[in-house]
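Here, each number is a calculation from the coordinates, and none is a lab measurement. Source: prediction; values computed, not measured. Here the Cβ positions follow ideal geometry from the backbone for every residue, glycine too, while neighbour counts run over all protein chains shown.
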Amino acid sequence: MSAASDIAGFIPAYPTRHEARLPLLQLVRTLRENAIGTYTKDTFERDIIVYRLLFKPMIMANHPELIRHVMLDNAANYERDPVGKRMLEPGLGNGLLTSEGADWKRQRRMMAPIFQPRRLAGFAEIMTEYSAALADKLVRLPAGQTVDMAEQMMLLTLDIIARTMFGADASTDVSAVGTAMDRYQVTVRPNIPDLLGLPRWVPRPDAAEGQRALAEMDAIINTLIQRRRDRAAQGGELGSDLLGLLLAARDDESGSTLDDREVRDQMATFFLAGHETTATALAWTWYLLSHAPAVEAKLHAELDAVLGGRPAQYADYDKLVYTRMVIEEALRLYPPAHTTARQAIADDRFERIDIPAGTMMIISPWIMHRHRLYWQNPDAFDPENFAPGKAASRRRYTYLPFGAGPRICIGQGFAMIEAVIILATLAQKLRARLVPGAKVAPVAKITLRPSPDLPMTMLPR
Ligand code: HEM
């Protein structure tokens, strides 16, 4: 029997799909609490939905060619959605995620070399080291002890991103940057002033706590930047961690470098974009595996054959085919970046649909990945969806956990290598089982987290 048919009965958790649209106040409240809880049943059956929200023209783009139009063919006419930007700018400033136009292009050109395979191989050594250490810790836990696997994944990816970014300054204040970022992140959620585009002086809920967390983070990052610049001024190395690479980055076209503010904004961006996303992808992978013993057995067979007991490394990535399929399927069912949006700059048209300037395009991996028109059995966990050769038969732009077009995730390679190394290294040593009776639901904040937590027990292999 194939793994697919073994587990066809397992439909992992998802929020209620409403029959009708929620009334406005309930809609805004649900948006704040759990954005994916606002969707109606027919959202997963229709390909283009035109509507208004707070008088604003909106289009839910569940149509692969419309997504291609917005994210690729006519991308110049679509800027990152201003609501999301207003929410993120206080923390991320003008980094890669929040900048636009020529400024974004320059930054992207300067960042691209940092994420090339040669660099990733170096970062992967850090991933292997920390994953192996966590595997050792988890297999030694007393039998039956519960751990929150979502938290464990978050701490692990935080350690990895911190070492990747500031490895040359391995000091205790580095993880404090991540803790401050996590505190800031909790305060970033849709609110009425941001939805309406009111000026910054209009009070936002949670803004004071967000500001305090940011001030703490900035103090540490700025000290680290200064320390590194001073060291270089005295003839020392800038370092080959992300901070050193950012400080050394030079734009080939203009010859310009990044100033301290820009380096700080990129660091904050990498922290925000680069650790919780991978952590939640892994948390959901453990949740799914815990319910699908046949998939888990197949995964273990691959790990035993390829690794034979040692931790996974960069060079194993290509050979860990099934491990990647499991992660890709987890990213389909629970895309950490669940929703993205663009706003039309000028009037536009797609097929017979007029798109007035100012229209907000909602592009939701959460919806596309579970859409009735594009997937068979869309709510079931089945890694065979990503078997080699399957991608060719899939309609393009129906699977977009990392986005699409020129603004596709710059950290995609980093994230996939990290997820594969962590899953392979841990799963080789242990099985994780959801505590019986634990109710886990996906809640969409900035990322799609398992809520309230992911209580699991470890079974050493
Ligand atoms: C599983 C993990 C990850 C997922 C699911 C993910 C997802 C995404 C998505 C969907 C976008 C595009 C957003 C849009 O078009 O509006 C994006 C952009 C971005 N991601 Fe990731 N990401 C992940 C990991 C990472 C990592 C590890 C880093 C860096 C270390 C990173 C850095 C960024 C940056 C800087 C952008 C903005 C790119 C630009 O606008 O040019 N991400 N990510």
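Would you mind checking 298/390; 298/445; 319/390 for any pair whose Cα atoms are more than 26 angstrom apart?
Over 26 Å apart, Cα to Cα: 298/445.
Taking R0 as 25 Å, what FRET efficiency do you get between residue 129 and residue 384 from their Cβ-Cβ distance, rounded to the nearest 0.05?
0.15
Quick one: what are the phi-derived ³J(HN,Hα) couplings along segment 11-21, Karplus 6.51/-1.76/1.60 with θ = phi - 60°, whole Hz, x for glycine and proline?
So the Karplus estimates, Gly and Pro as x, are 10, x, 4, 8, x, 3, 9, 6, 6, 10, 4 Hz.
Return the lysines within reach of residue 137: Cα separation strictly under 16 angstrom, same-chain partners fewer than 8 residues apart disregarded; answer none if there are no such residues.
Partners found: 429.
Could you size up the charge dipole of the chain around its Cα centre, putting +1 on the beta carbon of Lys and Arg and -1 on that of Asp and Glu, and report it in debye to the nearest 20?
It works out to roughly 620 debye.
From a point 7 Å beyond the Cα of residue 32 in the direction of its Cβ, which residues of segment 357-382 have a backbone N at a distance under 11 Å?
Zone members listed by number: none at all.
Do the sum for the chain: with -39,500 (n - 2.57) for every DSSP H run of n ≥ 4, divided by all residues, what is the mean residue ellipticity at 222 nm, to the nearest 500 deg cm²/dmol?
-14500 deg cm²/dmol
Hey, how many Å between the Cα centroid of segment 82-154 and the Cα centroid of segment 280-325?
For segment 82-154 versus segment 280-325, the Cα centre distance is 20 Å.
If you rank 256, 451, 99 by fewest surrounding Cβ atoms within 10 Å, what's the result?
256, 451, 99
Between residue 354 and residue 230, what is the label-to-label distance in nm when each label sits 7 Å out along the Cα-to-Cβ direction?
Calculated label separation equals 6.2 nm.
Among the aspartates and glutamates, which have Cα under 20 Å from the Cα of residue 439 when same-chain residues fewer than 8 positions away are ignored?
The reachable aspartates and glutamates, counting only those whose Cα sits under 20 Å from residue 439, are 33, 148, 151, 379, 453.
Could you give the length gained on full extension between residue 11 and residue 75, defined as 0.36 nm per residue of separation minus the Cα-Cα distance, in nm?
Extra length available between residue 11 and residue 75 comes to 19.5 nm.
I need the calculated FRET efficiency for the pair residue 215 and residue 393, taking r as the beta carbon distance and R₀ as 60 Å, to the nearest 0.05.
Approximately 0.70, to the nearest 0.05.
Output the relative contact order of the chain, whole-number percent, from Cα pairs under 8 angstrom with separation of 6+ residues.
Across the chain, relative contact order equals 29 percent.
Go through segment 412-426 residue by residue and turn each phi into a ³J(HN,Hα) via Karplus (6.51, -1.76, 1.60, θ = phi - 60°); whole Hz please, and just put x for glycine and proline.
Calculated HN-Hα couplings, in order: 4, x, 4, 5, 5, 5, 4, 4, 5, 5, 5, 4, 4, 5, 6 Hz.
Quick check: residue separation of residue 176 and residue 207 times 0.36 nm, minus the Cα distance between them. What number comes out in nm?
Contour length minus the Cα-Cα distance gives 9.2 nm.
Restricted to Cα positions, what overall size does the chain have along the principal axes? Three whole-Å values, descending.
Its Cα atoms span 64, 58, 41 Å along the three principal axes.
Kindly state, to the nearest 0.05, the FRET efficiency for residue 453 paired with residue 347, given R0 = 60 Å and r defined as their beta-carbon distance.
With a Förster radius of 60 Å, E is 0.80.
Out of 13, 39, 152, whose Cα points farthest toward the positive end of the dipole of segment 3-460 (charges: +1 Lys, Arg; -1 Asp, Glu; placed on Cβ)?
39
Measure off 7 Å from each Cα along the Cα-to-Cβ vector at residue 145 and residue 438, then give the distance between these two points in nanometres to one decimal.
So the two model labels end up 1.5 nm from each other.
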